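Asker: Let me begin by handing over the structure; questions about it come next.
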Amino acid sequence: MISKTMRAILHALSYSNVEVDAARRLADLKKLDAMRIFVKKLDTKVYNGEYEVPVRVYFPSEDAMTMEASERNSCPILLFFHGGGWVTDSVENYDRVCSRMAQDTKHIVISVEYRLAPEYRFPTGLEDCYAAARELYTNPDLNIDPDKITIMGDSAGGNLAAAVCLMARDREEFMPKRQILIYPALGNCYTEQSPYESVHTNGTDYLLTSERMENYLKLYESSPEDRENPYFSPLKEKDLSDMPDTLILTAEFDPLRDEGEEYGKRLEQAGNYVEIHRISNALHGYFALGIRFFHVQESFRHMNEFLKKREV
């Protein structure tokens, strides 16, 4: 349980207003103590139209990094989309997270620098992520086994991961086998009209506020009509059949908790393999805290068990 003292601290930190420039400066603090060990660029360039989408590749070991491209077919891959409300954060901010994730999961991690709102609103960032996925799944020159790729993301990145999988199924250009969604943002309303209890009970005093989420949506959307689009809000998708095997991790004291769990239940009802785990006493954003944090360790245990069971 969270102590009264900690609740008071969280309340003080849970300011509501989003100031994009200030939020981005705050996110830059994550650049400190970056653990960049085995990192290089992808062997090809990724394009969304004429725009080159930057990606960064993290290897679990020096041996994996130095092996020939022809040998990498056997290496499993996590294609990762970072969080930040579609507005803040970057591949650079998540450098330490991805380095640790590569080492702990023994996967190559490929992190995508999708374009951010409000300069680039929906669906620009999503299409950047889709372009990166399509390149990995369909480019024979990369010599990647598509069955060994898992798509994942945290928070807004979890939204993008879920939307990429929906888009892939609908466009029929490729189809992911697995997705991992870490406290994903899948809904389209964080006001008093939200149907989810966690928005109301966890939406004021636990760092990420419901008002902040609502502001993020306003910065991300191109028009209010976007909120009815399943690629914007995957919970709006009526047909969730033929989706990837899915692992969803939620945080107990997170306004996004219930929508993530609801999405998992709907996926399961549609006939998909789904695991849902709620991380007790965790707050939104815990996944970026570092491997020594016990909530992160618990998450990696769930991830590694899921990957071991569901990988080909």
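Asker: Need the failing condition index for A270 against (1) hydrophobic (A, V, I, L, M, F, W, C); (2) surrounded by 21 or more Cβ atoms within 10 Å (Cβ to Cβ); (3) in contact with a Leu (Cβ under 8 Å, 6 or more places away or on another chain), just the number.
Answerer: Evaluating A270 over (1) hydrophobic (A, V, I, L, M, F, W, C); (2) surrounded by 21 or more Cβ atoms within 10 Å (Cβ to Cβ); (3) in contact with a Leu (Cβ under 8 Å, 6 or more places away or on another chain) leaves (2) as the failure.
Asker: Among the residues of the stretch 132-185, write down those that are under 17 Å from I77 (Cβ atoms), of a type in the set (D, E) and part of a helix (DSSP H, G or I).
Answerer: E135, D141, D147
Asker: Are any of the residues in the stretch 102-111 among the aliphatic types (A, V, I, L, M), in a helix (DSSP H, G or I) and modelled with pLDDT under 90? Write out each step before concluding.
Answerer: So the first thing to find is which residues in the stretch 102-111 are among the aliphatic types (A, V, I, L, M), and the list is 102, 108-110.
Adding the requirement that they be in a helix (DSSP H, G or I) leaves 102.
Still in the list and also modelled with pLDDT under 90: none.
The answer is no; no qualifying residue exists.
Asker: Quick check on the stretch 120-143: of everything there that is among the acidic types (D, E) and within 17 Å of E50 (Cα to Cα), which residue is farthest from the chain's Cα centre (by Cα)?
Answerer: Initially, the stretch 120-143 is screened for residues among the acidic types (D, E), giving 127-128, 135, 141.
Filter once more, keeping what is within 17 Å of E50 (Cα to Cα): 127-128, 135.
Numbers: E127: 15, D128: 14, E135: 19 Å.
If we take residues in the stretch 120-143 being among the acidic types (D, E) and within 17 Å of E50 (Cα to Cα), then E135 is farthest from the chain's Cα centre (by Cα).
Asker: Among the residues of the stretch 226-235, are any over 21 Å from M303 (Cβ atoms), free of Cβ contacts under 8 Å to residues at least 12 places away in the same chain, surrounded by fewer than 20 Cβ atoms within 10 Å (Cβ to Cβ) and charged (D, E, K, R)?
Answerer: no
Asker: Name the residue that is modelled with the lowest pLDDT, counting only residues in the stretch 279-301 that are surrounded by fewer than 19 Cβ atoms within 10 Å (Cβ to Cβ) and out of contact with any helix residue (DSSP H, G or I) (no Cβ under 7 Å at 6 or more places or on another chain). I'd like the intermediate steps shown before the answer.
Answerer: Of the stretch 279-301, the ones surrounded by fewer than 19 Cβ atoms within 10 Å (Cβ to Cβ) are 280-281, 285, 289-295, 297-298, 300-301.
So of that shortlist, the ones also out of contact with any helix residue (DSSP H, G or I) (no Cβ under 7 Å at 6 or more places or on another chain) come out as 280-281, 285, 292, 294, 297-298, 301.
On the way: S280: 96, N281: 95, G285: 95, R292: 72, F294: 91, Q297: 94, E298: 96, R301: 97.
In this case the residue turns out to be R292.
Asker: Need the failing condition index for T66 against (1) at pLDDT below 95; (2) surrounded by 13 or more Cβ atoms within 10 Å (Cβ to Cβ); (3) over 30 Å from G187 (Cβ atoms); (4) of a type outside the set (K, R), just the number.
Answerer: Here T66 clears every test but (2).
Asker: For the stretch 33-60, how many residues are modelled with pLDDT of 70 or more, surrounded by 14 or more Cβ atoms within 10 Å (Cβ to Cβ) and in a loop (DSSP other than H, G, I, E, B)?
Answerer: 4
Asker: Within the stretch 122-131, does at least one residue satisfy the condition of being crowded, with 18+ Cβ neighbours inside 10 Å and outside any helix (DSSP H, G or I)? Don't jump to the end; show me each part of the working.
Answerer: Our first condition is that a residue be crowded, with 18+ Cβ neighbours inside 10 Å; within the stretch 122-131, this holds for 122-131.
Retained after the next criterion (residues that are outside any helix (DSSP H, G or I)): 122-123.
Looking for residues that are crowded, with 18+ Cβ neighbours inside 10 Å and outside any helix (DSSP H, G or I), one finds at least one in the stretch 122-131, hence yes.
The values are calculated or read from the model by the stated rules, or taken from the named source; none is laboratory data. Computed from a predicted model, the values in this text were never measured in an experiment. Note that each Cβ is placed from the backbone with ideal geometry, even for glycine, and that neighbours are counted across all protein chains shown.
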